[in-house]
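Each remark here refers to the structure printed beneath this line.
The values are calculated or read from the model by the stated rules, or taken from the named source; none is laboratory data. Since we're looking at a predicted model, the values are computed, not measured. Every residue, glycine as well, gets a Cβ built from its backbone with ideal geometry; the counts of neighbours run over all protein chains shown.
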Amino acid sequence: MSADTVREEKILANILLHELEFESKQIGKGSYGTVQLALHKPSGIMVAVKKITKQSITNPKVNSALRREIQIHKKLRHVNIVRLYTSLEDDNYIYLILEYVK
């Protein structure tokens, strides 16, 4: 892993929601939410942000499975797996801050 990659991971692991500038274009969609491109303003790094609506995960089993998946995905480090840097949430959404792969 390069020094730049390590630096990026440290920056993005501590990202705050207000530091993101979302692009208007949606780059993906799933059954629980959407994926948008965003710019981390302080660093200039582009990330993919999966926005999961909390209304869509009212079932406690689904909520538990999602939280477990997030914990596992954060630990994964492989060139063929999109990196999950961190997760954030507000009253309405859970945000997964992911590596942007063009």
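Odds and ends about this structure:
- Scanning the stretch 79-98 for residues that are hydrophobic (A, V, I, L, M, F, W, C) and surrounded by fewer than 17 Cβ atoms within 10 Å (Cβ to Cβ), we see that the one that is modelled with the lowest pLDDT is Val79.
- Residue match in the stretch 59-71 (condition: touching a residue at least 60 places away in the same chain (Cβ under 8 Å) and either farther than 19 Å from Ile11 by Cβ or aromatic (Phe, Trp, Tyr) (or both)): no
- Consider the stretch 54-70 and keep the residues that are out of contact with any helix residue (DSSP H, G or I) (no Cβ under 8 Å at 6 or more places or on another chain) and either of a type in the set (Asp, Glu) or surrounded by 11 or more Cβ atoms within 10 Å (Cβ to Cβ) (or both). The one that is nearest to Ile94 (Cα to Cα) is Lys54.
- Lys51 touching a residue at least 12 places away in the same chain (Cβ under 8 Å) and in contact with a Phe, Trp or Tyr (Cβ under 7 Å, 6 or more places away or on another chain): yes
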